[in-house]
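The values are calculated or read from the model by the stated rules, or taken from the named source; none is laboratory data. This is a predicted model, so every value here is computed, not measured. Note that we place each Cβ from the backbone using ideal geometry, even for glycine, and neighbour counts take in every protein chain shown.
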2 protein chains.
Amino acid sequence: MPNIQKVKPRTLSGFMELPPEKQIVFDLMTSRVRESFESFGFAPLDTPVIESAEVLLAKAGGETEKQIYRLTKGERDLALRFDLTVPLAKYAAANYGSLAFPFRRYQIGKVYRGERSQRGRYRELYQADIDVVGDGALGLFSDAEIPAVIYRTFRALGLGGFAIRISNRKILTGFFETLGLTERSGDIMRAVDKLDKIGAGKLRELLLSELSLPAPDAEAVLSLALASGEGDALDALESRAGRSETFDRGLRELREVTRLMEELGVPKTHYKVDPAVARGLDYYTGTVYETILTEHPDVGSVCSGGRYDDLAGHYTDKKLPGVGMSIGLTRLFFILDDTGLFDPRLMTAPCDAIIIPMTGDLSHAARLASSMRAAGLRVSVYSEDKKPGQKLAYADKLGVPFAVFLGEDEIKSGRITVKNMDTGEQTTASPGMLTEGIKEKTAERKRLAPVGG
Amino acid sequence: MPNIQKVKPRTLSGFMELPPEKQIVFDLMTSRVRESFESFGFAPLDTPVIESAEVLLAKAGGETEKQIYRLTKGERDLALRFDLTVPLAKYAAANYGSLAFPFRRYQIGKVYRGERSQRGRYRELYQADIDVVGDGALGLFSDAEIPAVIYRTFRALGLGGFAIRISNRKILTGFFETLGLTERSGDIMRAVDKLDKIGAGKLRELLLSELSLPAPDAEAVLSLALASGEGDALDALESRAGRSETFDRGLRELREVTRLMEELGVPKTHYKVDPAVARGLDYYTGTVYETILTEHPDVGSVCSGGRYDDLAGHYTDKKLPGVGMSIGLTRLFFILDDTGLFDPRLMTAPCDAIIIPMTGDLSHAARLASSMRAAGLRVSVYSEDKKPGQKLAYADKLGVPFAVFLGEDEIKSGRITVKNMDTGEQTTASPGMLTEGIKEKTAERKRLAPVGG
């Protein structure tokens, strides 16, 4: 169509669109995350990307609302989901009568936030969430399961250097009570939450000057926030017990949750009790979590969550307390990719073997491909009429590990020649035998965790 | 929050939102489709749901454009994708320089069409597409691969009763040439395309009265359209050869494509040469496909596609011919669900086993769950403080196949009791042995194809 005015084919900024070899790695990550969630008995949920704006924004306001993609269709006022929690609340409230509680669901899907686009900020991003939602009440065991899922999931991704920071909101809340600072607790929590980024000196300054706390109060808050550095943080907290019921309850809960976490397989090396973990959201009322990559603390938390008392108060009178967490999958992918953490041995080719026919008739190639597929391999046939060198260059560009040559000789003898594209080594044998060899070699690579060790 | 005005939690009509036990079946379907696509060496692509309206609508017009969800954010004019072909065209044009051609990609994702909502019509729906895109040219082997993928995919879903209807557009086009009807070919093709739905009598009427074809022409068209009933349809077509180059070329291509299809494993029982397959889209220029469920012909084609000369003419001067197909996954799911075709033995529970602790301390349950998960099972712990009957009712409601009881006796003896929830049978043995037993029994069910045989 030479006379048609061309439109420049472009993808919006802030929207992820990966080349195939990276998409394969992203999909591997996603499937490992899914398997891990499923091993804990979480059920999949897939809610629409579009919801009625009234439903989606029942609770939103301020910054959140500004970021939302809104649209109208006919007379309907619609919006794109900006997280997976609001759709869960809607779903649980709408299906309250038919669900079995505790309702354990996971959802992996895209969410939309019209943020200013910058490196590491996406407008369309995958989140991977799990939540356990109770009907009226929910025991602490679920609070311990969430970090167990985080641990198993991050290990399944191949990550070693990460730490789950855990606390209980009641500890800070109770502590503020004892200082008579309850009314300021929101501001102080947000300040304390920054400790990791700004350090103790700056936090003291913030508490004294910006929040105008009296010096002894500022020191007390700072000392509590730093308790994670004092040997056993739980003991350090214990020394402050007995002055607030809220504080004491938070501490008891935290002790129980960390005890059960360990029974569920989270080793001491991978979690840290840290009362400075406050999480910005008002929403959380008990256990709170963050997960940091120990070698990349600068990127902040890559997986956060906590306990809430009331999931769906905007939709129903039923009290639905729960606990959950969310992995920012798109963000995590880019961090791992940028820092070169993916295992270079990962299979990034779309096929395990490519058949390169050396004759005009492609019948033999077709039959060989079918038999190799039936044996469980992913197989392409290079079917274009090009020079042998160009055919091999194609295989090379895709990173295909094995090329299978099929010429007159091979067809006559019933034996085929396979080239290992990494080593250059060529082997001639029966198709069945070579198929088994390729299966073995590629299966090893497919078992690799995304992050190399 | 008793004082807050509640918003009714509802999901928009035309938007799929499945309960967990159905979502699990949908996910099983999706993963079988993905595995099948990957076995042919197609690479995954994941393009954004939102695109610039200018890019997305470069080619659209008329009915399509009316259905589109459009929105603005800041000063940007945006739209939600309505298929996966336009994003492929954009992607291939934008990444022409870095892609290896033939570019073989699959994409499974949601698309958006603001249709009037009715049973079987969705506004948000999953499509599962494959395409092979060539650079300048693409051999006929790819035309044969598409039905091979369709066949393998439908078989992987467990479907037996389906037929791939195949033709080549050039046959009808060439035939119209010989009748001097070239200028009317669009209208006539659309009429012929309806043959399956309206029958021969009505088609004759349509050709004569609505399209005002002379009687001999109408009979000739009708007779060609009915050629699939005449024994070997290819031979029936051959008898009409020698009068139009276009017709003859189409017939040669169709012969070659069906020959290679068979070499690629598509049996004669599952495809049918049928010159009445025209496909509505102008876009197609050669081989065309439809797939019908033989026991549900009324639902029409559930998987269609074809050969096109120019994928991305609106974005680039590069000629990118290709061939592909699309499965309407959401629609197919609802057809199979409505007609009760899913295997009733399918695993629809989110876990293979649920541990039911009979003691207050959940430590043992936590450790047992961890060891069963490490062995590869999906395991929940019922951690709420309820009566044993309520705990079992929960397991029952979820359809969990095995319940594991853990009371004082079990903890003391180191042996556990497992109840098969289907048969009621209880077994007491070591955790390791029971875990192996549960693995074996559930693995069988997990291997089942979605559709029962």
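With respect to B:Ser363, is the statement that it is over 26 Å from A:Leu99 (Cβ atoms), of a type outside the set (A, V, I, L, M) and within 12 Å of chain A (Cβ to nearest Cβ) true? Reasoning before the result, please.
On the way: over 26 Å from A:Leu99 (Cβ atoms): yes; of a type outside the set (A, V, I, L, M): yes; within 12 Å of chain A (Cβ to nearest Cβ): yes.
Yes; evaluated as a whole, the condition is true for this residue.
Considering only region B:203-220, state which residues are outside any helix (DSSP H, G or I) and surrounded by 14 or more Cβ atoms within 10 Å (Cβ to Cβ). Talk me through it step by step, then tell me what you get.
Here is the first cut: in region B:203-220, the ones outside any helix (DSSP H, G or I) are B:211-214.
Of everything in region B:203-220, those that are outside any helix (DSSP H, G or I) and surrounded by 14 or more Cβ atoms within 10 Å (Cβ to Cβ) turn out to be B:Leu211, B:Leu213.
Would you say B:Ala241 is in contact (Cβ under 8 Å) with a residue 12 or more places away in the chain, in a loop (DSSP other than H, G, I, E, B) and touching a helix residue (DSSP H, G or I) at 6+ places or on another chain (Cβ under 6 Å)?
Details: in contact (Cβ under 8 Å) with a residue 12 or more places away in the chain: no; in a loop (DSSP other than H, G, I, E, B): yes; touching a helix residue (DSSP H, G or I) at 6+ places or on another chain (Cβ under 6 Å): yes.
For B:Ala241, the condition - in contact (Cβ under 8 Å) with a residue 12 or more places away in the chain, in a loop (DSSP other than H, G, I, E, B) and touching a helix residue (DSSP H, G or I) at 6+ places or on another chain (Cβ under 6 Å) - is not met.
Might you check whether a residue that is surrounded by fewer than 24 Cβ atoms within 10 Å (Cβ to Cβ), among the aromatic types (Phe, Trp, Tyr) and more than 14 Å from chain B (Cβ to nearest Cβ) occurs anywhere in region A:319-333?
For region A:319-333, residues surrounded by fewer than 24 Cβ atoms within 10 Å (Cβ to Cβ), among the aromatic types (Phe, Trp, Tyr) and more than 14 Å from chain B (Cβ to nearest Cβ): absent.
Whether any residue in region B:408-419 is within 14 Å of chain A (Cβ to nearest Cβ) and not acidic (Asp, Glu) is what I want to check.
Quick first cut of region B:408-419, residues within 14 Å of chain A (Cβ to nearest Cβ) only: B:411.
Restricting the remaining residues to those that are not acidic (Asp, Glu) gives B:411.
Yes: region B:408-419 contains one or more residues that are within 14 Å of chain A (Cβ to nearest Cβ) and not acidic (Asp, Glu).
From the list A:Ser380, A:Ser371, pick out the single residue that is small (Gly, Ala, Ser) and either more than 35 Å from the chain's Cα centre (by Cα) or part of a helix (DSSP H, G or I) (or both). Give the derivation first.
Values: A:Ser380 fails: either more than 35 Å from the chain's Cα centre (by Cα) or part of a helix (DSSP H, G or I) (or both).
Residue meeting the stated conditions: A:Ser371.
When you look at B:Leu398, is it at pLDDT 95 or above and buried (at least 19 other Cβ atoms within 10 Å of the Cβ), yes or no? Talk me through it step by step, then tell me what you get.
Numbers: at pLDDT 95 or above: yes; buried (at least 19 other Cβ atoms within 10 Å of the Cβ): yes.
Criteria met by B:Leu398.
Could you tell me which numbered condition B:Gly300 fails, if it satisfies all but one of (1) at positive phi; (2) in contact with a Cys (Cβ under 9 Å, 6 or more places away or on another chain)?
For B:Gly300, the exception is condition (2).
Could you say whether any residue in region A:151-165 is in contact with a Phe, Trp or Tyr (Cβ under 6 Å, 6 or more places away or on another chain), more than 20 Å from A:Gly250 (Cβ to Cβ) and either of a type in the set (Ser, Thr, Tyr) or in a helix (DSSP H, G or I) (or both)?
Filtering region A:151-165 down to residues in contact with a Phe, Trp or Tyr (Cβ under 6 Å, 6 or more places away or on another chain) leaves A:154, A:162, A:164.
Next, only the ones that are more than 20 Å from A:Gly250 (Cβ to Cβ) stay: A:154, A:162.
If we keep only those that are either of a type in the set (Ser, Thr, Tyr) or in a helix (DSSP H, G or I) (or both) as well, we get A:154.
Taking every residue of region A:151-165 in turn, at least one turns out to be in contact with a Phe, Trp or Tyr (Cβ under 6 Å, 6 or more places away or on another chain), more than 20 Å from A:Gly250 (Cβ to Cβ) and either of a type in the set (Ser, Thr, Tyr) or in a helix (DSSP H, G or I) (or both).
Quick one: in region A:81-95, of everything that is farther than 21 Å from B:Cys351 by Cα and more than 8 Å from chain B (Cβ to nearest Cβ), which residue is surrounded by the fewest Cβ atoms within 10 Å (Cβ to Cβ)? Steps first, please.
Our first condition is that a residue be farther than 21 Å from B:Cys351 by Cα; within region A:81-95, this holds for A:81-87, A:89-90, A:93-94.
Filter again for more than 8 Å from chain B (Cβ to nearest Cβ), leaving A:81-87.
Numbers: A:Arg81: 23, A:Phe82: 21, A:Asp83: 16, A:Leu84: 24, A:Thr85: 23, A:Val86: 25, A:Pro87: 26.
Looking at the filtered set, the residue picked out is A:Asp83.
Any residue in region B:250-268 that's more than 12 Å from every other protein chain (Cβ to nearest Cβ): show its pairings with residues that are part of a loop (DSSP other than H, G, I, E, B) at Cβ separation under 7 Å, as long as the two are six or more apart or on different chains.
B:Leu251/B:Ala241; B:Glu253/B:Leu140
Could you tell me which numbered condition A:Asp143 fails, if it satisfies all but one of (1) more than 9 Å from chain B (Cβ to nearest Cβ); (2) surrounded by fewer than 18 Cβ atoms within 10 Å (Cβ to Cβ); (3) charged (D, E, K, R)?
Going through (1) more than 9 Å from chain B (Cβ to nearest Cβ); (2) surrounded by fewer than 18 Cβ atoms within 10 Å (Cβ to Cβ); (3) charged (D, E, K, R) one by one, A:Asp143 breaks only (2).
Check region A:370-379 and report whether any residue there is aliphatic (A, V, I, L, M), free of Cβ contacts under 8 Å to residues at least 40 places away in the same chain, closer than 24 Å to B:Leu45 by Cα and within 14 Å of chain B (Cβ to nearest Cβ). Break it down stepwise before answering.
Just the residues of region A:370-379 that are aliphatic (A, V, I, L, M), to begin with: A:372, A:374-375, A:377, A:379.
Filter once more, keeping what is free of Cβ contacts under 8 Å to residues at least 40 places away in the same chain: A:374, A:379.
Pick out the ones that are also closer than 24 Å to B:Leu45 by Cα and you get A:379.
The next check asks that each one be within 14 Å of chain B (Cβ to nearest Cβ); those that pass are A:379.
Yes, region A:370-379 contains at least one residue that is aliphatic (A, V, I, L, M), free of Cβ contacts under 8 Å to residues at least 40 places away in the same chain, closer than 24 Å to B:Leu45 by Cα and within 14 Å of chain B (Cβ to nearest Cβ).
Among the residues of region B:433-453, write down those that are farther than 30 Å from B:Leu332 by Cα and loosely packed, with under 12 Cβ neighbours inside 10 Å. Walk me through it before giving the result.
Taking region B:433-453 first, the residues farther than 30 Å from B:Leu332 by Cα are B:433-440.
Residue satisfying the conditions is B:Glu440 alone.
Would you confirm whether any residue within region B:171-178 is among the aromatic types (Phe, Trp, Tyr), surrounded by fewer than 22 Cβ atoms within 10 Å (Cβ to Cβ), farther than 24 Å from B:Ala312 by Cα and away from every other protein chain (no Cβ under 13 Å)? Please lay out each step first, then the result.
So the first thing to find is which residues in region B:171-178 are among the aromatic types (Phe, Trp, Tyr), and the list is B:175-176.
Filter once more, so that each one left must be surrounded by fewer than 22 Cβ atoms within 10 Å (Cβ to Cβ): none.
No.
Scan region A:338-352 and tell me whether some residue there is touching a strand residue (DSSP E or B) at 6+ places or on another chain (Cβ under 7 Å) and assigned to a strand (DSSP E or B).
First, the residues of region A:338-352 that are touching a strand residue (DSSP E or B) at 6+ places or on another chain (Cβ under 7 Å): A:341-343, A:350-352.
Going one step further and asking which of them are assigned to a strand (DSSP E or B), we end up with A:342.
So far as region A:338-352 goes, yes, one or more of its residues are touching a strand residue (DSSP E or B) at 6+ places or on another chain (Cβ under 7 Å) and assigned to a strand (DSSP E or B).
Answer with yes or no whether B:Thr285 is in contact with a strand residue (DSSP E or B) (Cβ under 9 Å, 6 or more places away or on another chain) and part of a helix (DSSP H, G or I).
Details: in contact with a strand residue (DSSP E or B) (Cβ under 9 Å, 6 or more places away or on another chain): yes; part of a helix (DSSP H, G or I): no.
Spelling it out, it is not the case that B:Thr285 is in contact with a strand residue (DSSP E or B) (Cβ under 9 Å, 6 or more places away or on another chain) and part of a helix (DSSP H, G or I).
Would you mind finding the one in A:Val299, A:Val277 that is modelled with pLDDT under 95 and either within 14 Å of chain B (Cβ to nearest Cβ) or in contact with a Ser or Thr (Cβ under 8 Å, 6 or more places away or on another chain) (or both)?
Numbers: A:Val299 fails: either within 14 Å of chain B (Cβ to nearest Cβ) or in contact with a Ser or Thr (Cβ under 8 Å, 6 or more places away or on another chain) (or both).
Only one candidate passes the filter, namely A:Val277.
Yes or no: region B:68-86 includes at least one residue that is under 30 Å from A:Ile438 (Cβ atoms), under 26 Å from the mean Cα position of the chain (by Cα) and touching a residue at least 60 places away in the same chain (Cβ under 8 Å). Explain how you work it out, then say what you get.
Initial filter on region B:68-86 (under 30 Å from A:Ile438 (Cβ atoms)): none.
No: region B:68-86 contains no residue that is under 30 Å from A:Ile438 (Cβ atoms), under 26 Å from the mean Cα position of the chain (by Cα) and touching a residue at least 60 places away in the same chain (Cβ under 8 Å).
Only one of A:Ile188, A:Ile198 is in the same structural domain as A:Arg169 (by TED's automatic domain parsing), of a type in the set (Val, Ile, Thr), surrounded by fewer than 19 Cβ atoms within 10 Å (Cβ to Cβ) and in a helix (DSSP H, G or I); which?
Values: A:Ile188 fails: surrounded by fewer than 19 Cβ atoms within 10 Å (Cβ to Cβ).
Criteria check complete, one pass: A:Ile198.
If we scan region A:40-53, do we find a residue that is facing chain B (nearest Cβ under 7 Å), at pLDDT below 95 and farther than 18 Å from A:Ile327 by Cα?
no
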